[in-house]
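Engineer: Structure provided below as structure tokens; questions to follow.
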Amino acid sequence: MKKSMLLVMTLVLTVILAACGNNSNNNTNNGAAANTPEASASSTPEATPTPEALSGSVLATGSSALQPLVDQVAQKFMAKDEYKQISVQVQAGGSGTGLTQVSEGQSDIGNSDIFAEEKFKDADASKASELVDHIVGVVAMAAVVHPEVGVDNLTKQQLIDIFTGKITNWKDLGGKDQAIVIVNRPSSSGTRATFENYALGQKTEDLKGSIQEDASGTVKKLVSETPGAIGYLALSYLDNTVKTVKYEGVEPTVDNVTTGKYPVWAYEHMYTKGEPTPVVKAFLDYMVSDEVQNGDVTELGYIPATAMKIQRDAAGNVTNK
Amino acid sequence: MVRDDKRQFAKQHIVEEWVGKVYTFLCIALLIVTIFSMVYFVASRGASTFISDKINLWSFLSGLDWRPEGEPPLFGALPFIFGSFSTSILAAIFAAPLAICASLFMTEISPKIGRKWLQPVIELLAGIPSVVYGFVGLTIIVPFFRDVFPGQGLGILAGSIVLAIMILPTITTIATDALAALPGGLKEGSYALGATRWQTIWRTVLPTTLPSLMTGVVLGISRAFGEALAVQMVIGNAPHIPSSLFESASTLTSAITLSMGNTVTGSTHNDALWSLALILMAMTFIFVFIVRWLERRAKV
């Protein structure tokens with residue numbers, strides 16, 4: 001008797017909850033739809049410049065590659081007298097999370113390593129057009145190998161052959177007789193997308209026996225310790241434990257990136273949904289100010305967006321500035 | 001006068017009774033709502049892969065190719081399912097004998113030293129963050145395997161050794177409780193018949209507590225099944241069924257943690273990751289049912 005009661009209770013609860021779930025889904029949908037006019041309404045009074053200092057909060061989420069920079073700049077920003085009333089919060093979680101949250105209005109800024117157009121595809125393409133791009137820096141990537149493989153330059157074709165599994169031994173590339181071990185990023189990673197787009201010019205599959213890691217520290221550790229390993233890292237992570245290889249004979253240096261000689265780089269984007277509110281705008285303006293661009297950005301191993309002599313659009317077309 | 005007092009007391013008791021009842025009921029209701037909404041959330045997200053993205057359930061479960069960004073995208077989760085099962089079962093095979101011997105030592109052989117030194121040390125293992133295990137695995141176990149065995153060292157064996165250390169406290173604690181709860185009469189009877197300590201342990205203690213010991217092992221497996229970070233660091237994460245224990249493989253959890261942040265909500269890739277989470281959840285339920293079943297047998 002009691003057991004059957006419990007069963008009935010459970011069933012009833014499940015049904016109620018399922019209904020609740022649906023309701024809450026509808027609510028969030030309505031909320032998202034209703035959000036836009038609301039947000040613009042609330043920004044109207046703020047838009048009129050007030051003599052007092054700005055106050056409010058900014059939430060930036062997304063790319064873990066960009067997080068250290070945003071974090072450091074946020075601390076300096078909040079320490080300034082005129083912005084004392086603004087609190088900036090920075091959370092990592094990946095470019096996809098950042099773009100999703102900014103597009104759904106959960107965060108003010110979405111940090112991303114890649115263009116929103118590349119993540120929001122097909123049915124979601126309209127979401128990308130609602131976002132406003134603020135480029136705050138450039139990050140360049142270099143292919144790195146274990147110090148003892150005996151190769152210091154790789155051509156585009158050689159890299160393609162390695163990452164598609166056509167060449168499996170370093171001796172075919174003029175190096176040691178040593179099997180190649182690929183240390184890759186997961187197929188959804190922004191770093192991998194950049195490397196595939198601009199170094200290989202094509203997508204690659206995850207080969208059997210290859211290694212996938214998402215943290216740059218782990219990638220570096222594995223490449224430096226595994227004989228025959230090859231991977232790719234942002235310039236800020238390079239040091240003596242791994243060997244940096246030239247791409248088509250071009251050294252991955254800041255100068256070569258800014259002049260367009262070295263093509264494997266990506267913008268660091270901070271997306272807002274529509275035009276930013278004054279509080280968010282103050283923070284983004286500070287991000288691209290000379291103080292930050294020539295200070296924190298270079299200090300942490302990124303390249304200032306202002307230093308670039310070329311520019312690139314979402315489709316990958318490069319033009320002179 | 002006296003009657004009034006009594007009435008007063010009775011009233012007070014009734015109020016207390018009701019406050020207590022309402023409070024416990026609210027707590028239980030909150031708990032039930034949390035559990036059901038989590039199940040509903042994971043299930044609805046995970047099911048949308050098959051409903052709105054039109055991916056065949058069977059090809060998802062039995063497919064060998066995981067190419068979410070490919071053209072056309074392929075979602076075959078079998079390599080992850082294989083990786084999860086092989087690492088956690090192998091981890092239990094390593095950890096169970098160690099844990100059961102440790103708990104026998106603590107309860108039967110040397111309770112003094114065991115309870116005073118061994119138990120706190122083993123319980124300490126449970127408090128170490130999993131990223132530390134992963135890093136230790138990456139710094140010590142992986143290079144060792146790379147030097148000694150063919151392959152890169154990363155793989156199922158490295159993952160299962162790291163997991164075995166992590167689930168050791170779970171199995172040990174449950175086994176110790178089970179052995180300590182054994183009625184003294186059984187053992188005394190065995191000794192009275194002239195059995196040695198080893199004979200008592202082997203013929204009496206272990207067979208009677210076996211279902212409870214198995215409960216500990218199953219709980220250990222389910223913990224290993226859900227562990228993500230430490231395994232992700234040492235297993236290599238290639239979405240293929242490996243041909244050796246030292247070749248890069250992947251588990252359900254490592255596939256989820258590697259890609260969840262990089263995908264946007266609502267994309268097929270993201271939905272497919274939720275489906276992997278749904279498989280994990282279903283497996284956890286199955287483990288819980290096994291534990292329940294074992295407990296029922298233990299009482300008989």
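Engineer: Would you calculate the separation in nanometres between label points at B:VAL121 and A:GLU117, each defined as 7 Å from the Cα along the Cα-to-beta-carbon direction?
Structural biologist: Distance between the two pseudo-spin positions: 6.2 nm.
Engineer: In a Debye calculation with equal point scatterers on the alpha-carbon sites of chain B and no solvent, what is log10 I(q)/I(0) at q = 0.08, 0.14, 0.15 Å⁻¹?
Structural biologist: -0.50, -1.09, -1.17
Engineer: Of the candidates B:GLU108, B:GLU71, B:GLU16, which one comes out as most mobile in a Gaussian network treatment of chain B with C-alpha springs shorter than 10 Å?
Structural biologist: Checking each option, the largest mean-square fluctuation is seen for B:GLU16.
Engineer: Is there a pair in A:LYS166/A:LYS243; A:LYS121/A:LYS208; A:LYS119/A:LYS203; B:LYS116/B:LYS187; A:LYS156/A:LYS246 whose C-alpha atoms are over 19 Å apart, and which pairs would that be?
Structural biologist: Check vs 19 Å cut-off fails for A:LYS166/A:LYS243; A:LYS121/A:LYS208; B:LYS116/B:LYS187.
Engineer: Taking springs between alpha-carbon atoms closer than 10 angstrom, which of B:TRP202, B:TRP18, B:TRP274 fluctuates most in the Gaussian network model of chain B?
Structural biologist: Between B:TRP202, B:TRP18, B:TRP274, it is B:TRP18 that shows the largest mean-square fluctuation.
Engineer: Which of the lysines could a cross-linker span from A:LYS80 if the Cα-Cα distance has to be under 25 Å and same-chain partners fewer than 8 positions apart are dropped?
Structural biologist: A:LYS281
Engineer: Buried accessible area between B and A (1.4 Å probe, both chains summed, ligands and nucleic acids excluded), in Å² to the nearest 100?
Structural biologist: That pair of chains buries around 3000 Å² in total.
Engineer: For the charge dipole of the protein assembly as shown, defined by +1 on Lys and Arg C-beta atoms and -1 on Asp and Glu C-beta atoms about the Cα centroid, which residue among A:SER188, A:GLY217, B:ALA230 has the Cα displaced farthest towards the positive pole?
Structural biologist: The listed residue farthest towards the positive side: B:ALA230.
Engineer: Can you give the Kirkwood hydrodynamic radius for segment A:140-259, in Å, rounded to one decimal and based on Cα pairs?
Structural biologist: 14.1 Å
Engineer: Also: Using amide H atoms built 1.01 Å from N in the peptide plane, name the residues 5+ places from A:ASN153, or on other chains, whose amide H lies under 5 Å from its own.
Structural biologist: Correct list: A:LYS246.
Engineer: State to the nearest 20 debye the size of the charge dipole of chain B about its Cα centre, where the only charges are +1 on K and R beta carbons and -1 on D and E beta carbons.
Structural biologist: Dipole of chain B, to the nearest 20 debye: 1120 debye.
Engineer: Counting only heavy atoms of protein chains, what accessible area per residue, in Å², does segment B:51-108 have with a probe of 1.4 Å?
Structural biologist: About 48 Å² of surface per residue is accessible.
Engineer: Suppose every K and R has +1 on its Cβ and every D and E has -1 on its Cβ; what is the size of the dipole of the protein assembly as shown about the Cα centre, in Debye to the nearest 20?
Structural biologist: Approximately 2880 debye in magnitude.
Engineer: Around A:ILE114, what is the net charge, scoring Lys/Arg as +1 and Asp/Glu as -1 over all other residues with Cβ under 13 Å from its Cβ?
Structural biologist: Computed value for this residue: -3.
Engineer: Could you compute the FRET efficiency for A:LYS321 and B:ALA29, with r as their C-beta to C-beta distance and R0 at 51 Å, rounded to 0.05?
Structural biologist: My answer for the efficiency is 0.25.
Engineer: What FRET efficiency do you get for B:CYS101 and B:SER52 if R0 is 60 Å and r is their Cβ-Cβ distance, rounded to the nearest 0.05?
Structural biologist: About 0.70, to the nearest 0.05.
Engineer: Rounded to a whole number, what % of the accessible area of segment A:135-266 do carbon and sulfur atoms account for, probe 1.4 Å?
Structural biologist: 45 percent
Engineer: Normalized C-alpha radius of gyration of the protein assembly as shown, against 2.2 N^0.38 Å?
Structural biologist: 1.15
Engineer: Could you list which residues have their amide H under 5 Å from that of A:ILE310, counting only those 5 or more apart in sequence or on another chain, with H placed in the peptide plane?
Structural biologist: Amide H to amide H, under 5 Å and 5 or more residues apart or across chains, A:ILE310 pairs with A:LYS321.
Engineer: Pairs of alpha-carbon atoms within less than 8 angstrom and 6+ residues apart define the contacts here; what relative contact order does chain B have, in percent?
Structural biologist: So the answer I get is 24 percent.
Engineer: Compute the distance in nm between two label points, each set 7 Å from the Cα along the Cα-to-Cβ direction, one at B:LEU182 and one at B:LEU61.
Structural biologist: 4.0 nm
Engineer: Still on this structure, please answer the following. Considering only protein heavy atoms and a 1.4 Å probe, what is the carbon-and-sulfur percentage of the accessible area of segment B:78-299?
Structural biologist: That share works out to 72 percent.
The values are calculated or read from the model by the stated rules, or taken from the named source; none is laboratory data. Fair warning: this is a prediction, and the values are worked out from it, not measured in the lab. Because the Cβ atoms are built from the backbone with ideal geometry, glycine has one as well, and the counts that use them run over all protein chains shown. We work out accessible area using only protein heavy atoms, side chains counted, and drop any ligands, DNA or RNA first. Shrake-Rupley method; radii C 1.70, N 1.55, O 1.52, S 1.80 Å.
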